[in-house]
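K.L.:
The structure under discussion is supplied below as structure tokens; questions concerning it will follow.
The values are calculated or read from the model by the stated rules, or taken from the named source; none is laboratory data. As the structure is a prediction and not an experimental result, all values here were calculated from the model. Don't worry about glycine lacking a Cβ; one is built from the backbone with ideal geometry, like all the others, and counts go over all protein chains shown.
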Ligand SMILES: Nc1ncnc2c1ncn2[C@@H]1O[C@H](COP(=O)(O)OP(=O)(O)OP(=O)(O)O)[C@@H](O)[C@H]1O
């Protein structure tokens, strides 16, 4: 599958947030989208998902303009993991995950035994079986994030759009989720666009990186070409060093390390 954005402009009413973005993502690619807070990443996602009206431009899936697609047609192809949110609906976790099957049911259809099995499989994949019968409103923010990822996996989409899926996860779960997504991309040709505030995630897992800067400029390319010390300094106003390292298994890794003031605490103690 190919998702193509052509000169997409989006925003709220007449308020323009993103101007004239164009890029293409194919099955089997992992596009990481970086950008400072408030630059418009979620707005772009909501526009691709048709929750917001496109101000101008076109969005195509396999060459077809999706403007006229039904929500069900779209949901069969594209899954969405929103930023973890507190829902006011006290559903059981298994039911929330089974909602991912909605696009595959008829209008009045309720989940079949097979749909529930697929939901349970997604729950097991993320090792959250212990939450199956918990109430969604009574679990932690990180647990909710894992449930939303399981819901998107149960949807079995060809393409996945993920809005900061690891932001509430503990260190181990961040790595497990990123590894799992990367494996799905390699094994089943899933295509993924993910926003992240971690340049290291983008460097380590992204096959492409797109970055929106504060002045609205848009860059896309190989992770190491886009995530440079100057981009990070310009965007986040902090000093960051980019290191090349050879890992224990012999693979090359590029990592970002913030230049924290090493003597920060000693200075404070002395003052
Ligand atoms: N419903 C809305 N109506 C008007 N403006 C909005 C609305 N929602 C968000 N905005 C504005 O749109 C801009 C982009 O917001 P958006 O949530 O897309 O940013 P983001 O890049 O995803 O940020 P973050 O990294 O903090 O999640 C912000 O200036 C925000 O104030």
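K.L.:
Let me confirm something: among 92, 58, which residue is over 30 Å from residue 15 (Cβ atoms), touching a helix residue (DSSP H, G or I) at 6+ places or on another chain (Cβ under 8 Å) and touching a residue at least 40 places away in the same chain (Cβ under 8 Å)?
P.N.:
Going through 92, 58 in turn, the sole match is 92.
K.L.:
Now for a different question. Can you tell me which residue within the stretch 61-91, out of those that are under 19 Å from the mean Cα position of the chain (by Cα) and in a strand (DSSP E or B), is farthest from residue 2 (Cα to Cα)?
P.N.:
81
K.L.:
State yes or no: is residue 172 without any contact (Cβ under 8 Å) to a residue 24 or more places away in the chain, surrounded by fewer than 15 Cβ atoms within 10 Å (Cβ to Cβ) and more than 12 Å from the chain's Cα centre (by Cα)?
P.N.:
yes
K.L.:
Could you list, in sequence order, the residues of the stretch 43-60 that are more than 10 Å from the ligand (Cβ to nearest atom) and outside any strand (DSSP E or B)?
P.N.:
Of everything in the stretch 43-60, those that are more than 10 Å from the ligand (Cβ to nearest atom) and outside any strand (DSSP E or B) turn out to be 48, 49, 50, 51, 53, 54, 55.
K.L.:
Looking only at helices (runs of 4 or more DSSP H) that fall completely inside the stretch 139-254, which ones have 3 or more residues that are touching a strand residue (DSSP E or B) at 6+ places or on another chain (Cβ under 6 Å)?
P.N.:
141-154, 199-205, 223-226
K.L.:
Specify which of the listed residues (76, 41) is touching a strand residue (DSSP E or B) at 6+ places or on another chain (Cβ under 6 Å) and touching a residue at least 40 places away in the same chain (Cβ under 8 Å).
P.N.:
Matching residue, one of 76, 41: 41.
K.L.:
Something else about it: In this structure, is residue 192 under 30 Å from residue 84 (Cα atoms) and either modelled with pLDDT of 90 or more or in contact with a helix residue (DSSP H, G or I) (Cβ under 8 Å, 6 or more places away or on another chain) (or both)?
P.N.:
yes
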